[in-house]
Amino acid sequence: MDIASQISCSASKAIKELYGVDVPQEALQLQKTKHEFEGNLTLVVFPLLKISKKNPEQTAQDIGKWLKDNDSNVSSFNVVKGFLNLVISPSSWISLLNSIFLDPSFGRKSQEESSPLVMVEYSSPNTNKPLHLGHVRNNLLGWSLSKIMEANGYKVIKTNIVNDRGIHICKSMLAWQKWFMGQTPESIGKKGDHLVGDCYVAFDKHYKEQVEELTRQYIAEGANEEAAQEKAKQEAPLIKEAHQMLVKWEENDSKVRELWNMMNSWVYAGFDETYHSLGVCFDKIYYESETYLKGKAKVEEGLSSGLFYKKEDGSVWADLTGDGLDHKLLLRSDGTSVYMTQDIGTAQMRFQDYPIDKMIYVVGNEQNYHFQVLSILLDRLGFKWGKDLVHFSYGMVELPSGKMKSREGTVVDADDLIDMMIADALNLSEELGKFSDMSDDERKKIARIVGLGALKYFILKVDARKNMLFNPEESIDFNGNTGPFIQYTYARIRSIMRKASEQGLIESKKVPPSAPINEKEIELIQKMNDYVAVVQQAGKDYSPSGIANYCYELTKEFNQFYHDYSVLGADSDDEKRLRLVLASSVAKILKSGMDLLGIEMPERM
């Protein structure tokens, strides 16, 4: 139990003994003392006045005296109006520091046999293009959220649903037949997902040309511009061919399926390379080509039981007006499924595969309505976690140059972005002279760690709900709220520890209770102790940014301490021991926190 918890427990006992009323410690308001007052922790007594039947100052005096007499953590106290400021004894801070130092999993809960099972879905790519910057944010958020839930004691299944069927896939397939026939990733020396993405861009280019030509023709025949353009989009030969290919796919045409399997295999190999570079993976991957039929069957089942209804044209709908929404299409008149149907099928397969207690979907905020509907439909269909599913809704990520469009080929490719970040980290580190005594292999390794750390931290430090502007130049900076700043501080501490080892100082030795301790050191211990609550809150709020910004604040506080006080040059052995344990504990927490963001920490920089 940390100091704040011990004080809350003691204060609860004090109130019972002084005023004869049981007040649970959770109901007590204990906070850090403001810098302008003496003390470390402050108890707010205003809510207790009805119990004490005394004024704020006298109530605070009563409780403060009881705590000083009965709790060894409290060395003195002072009262400022209705605030009881408590000064914690130096030995208590040292005891807390030792407990942080000796706990290898500090801040993280262990999983139990009875721990709830959480499934986190992220990535969800289409197999018609490579992963781009938007996918990077999705994957980093999903991976970090999975790690945070594990740190809060949950069992976690990381899952991906691949959108491997539909008209967009057929567009790339048709384009390959028309303009890329015979090309393979091996024959042209290009990643498979990039080749398929080129096909998708080519389709859009030629399709637009056809639409423009037909639009002019229809206008010449007397149609207005808007009607002409809409008709041209539907009548363009390319889109008709793509739809015909989709029908053949649905009918299991052998040649179409063979092409589909070949091109998808190229994409999967490319995706795997990108996932590996990003440091993310999955426990289970589902494919829409396998789940959509399950969804159709489940919708038909719901239709039979009266949960859904059929229109005259044969389409199947759900009436959601009782839930304040509208009517939702589930099966088209030709019997083909929509995304909602596919998600229902995927949910059914997952529910059969795992005893899920909570389902978290990491999907952009443009799908907010979709998941509102999905939650209602899954609940109606009997999935126990349907009603309480979590849509981890995040904002779009843009570059200073503006929005990205896949079909126009204006996206920022994930592979290019990763390579650029690593190259920038290498160049900047060499300019600053940080690689002067390292081998080429070590330089490359550290550049990868720093470059990816810069990318991940810059994206994850932003509140996921907000749209964000990603500026690569700002992300790689050894100062300010960046990944490299935190990594550099960690490497600096590890350097101190290596020097301490060379001097024969044993890092694992505890701090003696009588060691001298100053206010700055106490503030650092308090800040480290906050890590427990920060991890818990990040799990409740589904907020990687809370972890990121805590790591930055802890780093700033340590750097200020390191600027003011020498670690290895301390005046006494006990003081040196305390500062070594303090620095080592800061490094441990930074490594733990950054690991929850999927960020590696270098031993040297």
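The values are calculated or read from the model by the stated rules, or taken from the named source; none is laboratory data. Here the structure is a predicted model, which means the values were calculated and not measured. A quick note on method: Cβ atoms are made from the backbone with ideal geometry, for glycine too, and the neighbour counts reach across all protein chains shown. Surface accessibility is based on the protein's heavy atoms, side chains included, excluding ligands, DNA and RNA. Shrake-Rupley method; radii C 1.70, N 1.55, O 1.52, S 1.80 Å.
A few remarks follow.
- Qualifying residue in the stretch 7-14 (condition: open to solvent by 60 Å² or more (accessible area, probe 1.4 Å) and over 30 Å from LEU596 (Cα atoms)): yes
- Only listed residue being over 16 Å from ILE589 (Cα atoms) and in a helix (DSSP H, G or I), chosen from LYS466, LYS540: LYS540
- For the stretch 32-51, filtering for residues that are closer than 29 Å to ILE100 by Cβ and either touching a Leu at 6+ places or on another chain (Cβ under 7 Å) or not in a strand (DSSP E or B) (or both) leaves 12.
- If you check GLY386, GLY345 for being in a loop (DSSP other than H, G, I, E, B) and either within 26 Å of TYR542 (Cα to Cα) or touching a residue at least 40 places away in the same chain (Cβ under 8 Å) (or both), only one passes: GLY386.
This table checks each residue for (1) buried (at least 22 other Cβ atoms within 10 Å of the Cβ); (2) of a type in the set (Gly, Ala, Ser); (3) assigned to a loop (DSSP other than H, G, I, E, B); (4) in contact (Cβ under 8 Å) with a residue 60 or more places away in the chain.
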position: VAL79; (1), (2), (3), (4): no, no, no, no
position: LEU86; (1), (2), (3), (4): yes, no, no, yes
position: SER91; (1), (2), (3), (4): no, yes, no, yes
position: ASN98; (1), (2), (3), (4): no, no, no, yes
position: GLN111; (1), (2), (3), (4): no, no, yes, no
position: MET119; (1), (2), (3), (4): yes, no, no, yes
position: VAL136; (1), (2), (3), (4): yes, no, no, yes
position: LEU140; (1), (2), (3), (4): yes, no, no, yes
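- Residue tally, condition under 22 Å from VAL280 (Cα atoms), within 19 Å of the chain's Cα centre (by Cα) and open to solvent by 100 Å² or more (accessible area, probe 1.4 Å), over the stretch 429-473: 1
- Among the numbered conditions (1) surrounded by 14 or more Cβ atoms within 10 Å (Cβ to Cβ); (2) free of Cβ contacts under 8 Å to residues at least 12 places away in the same chain, the only one that LYS328 does not meet is (2).
- Any chance VAL211 is farther than 24 Å from PRO130 by Cβ, in contact (Cβ under 8 Å) with a residue 24 or more places away in the chain and over 36 Å from the mean Cα position of the chain (by Cα): yes
- Residue within the stretch 229-243 that is touching a helix residue (DSSP H, G or I) at 6+ places or on another chain (Cβ under 6 Å), polar (S, T, N, Q) and part of a helix (DSSP H, G or I) present: yes
- Residue in the stretch 515-525 that is in a loop (DSSP other than H, G, I, E, B), among the polar types (S, T, N, Q) and in contact (Cβ under 8 Å) with a residue 60 or more places away in the chain present: no
- Test: residue in the stretch 390-403 that is part of a strand (DSSP E or B), among the aromatic types (Phe, Trp, Tyr) and at pLDDT 90 or above: yes
- Candidates are the residues of the stretch 35-67 that are more than 38 Å from the chain's Cα centre (by Cα) and acidic (Asp, Glu); the one that is surrounded by the fewest Cβ atoms within 10 Å (Cβ to Cβ) is GLU38.
- Residue that is more than 18 Å from GLY480 (Cβ to Cβ) and in a helix (DSSP H, G or I), where the choices are SER545, SER592: SER592
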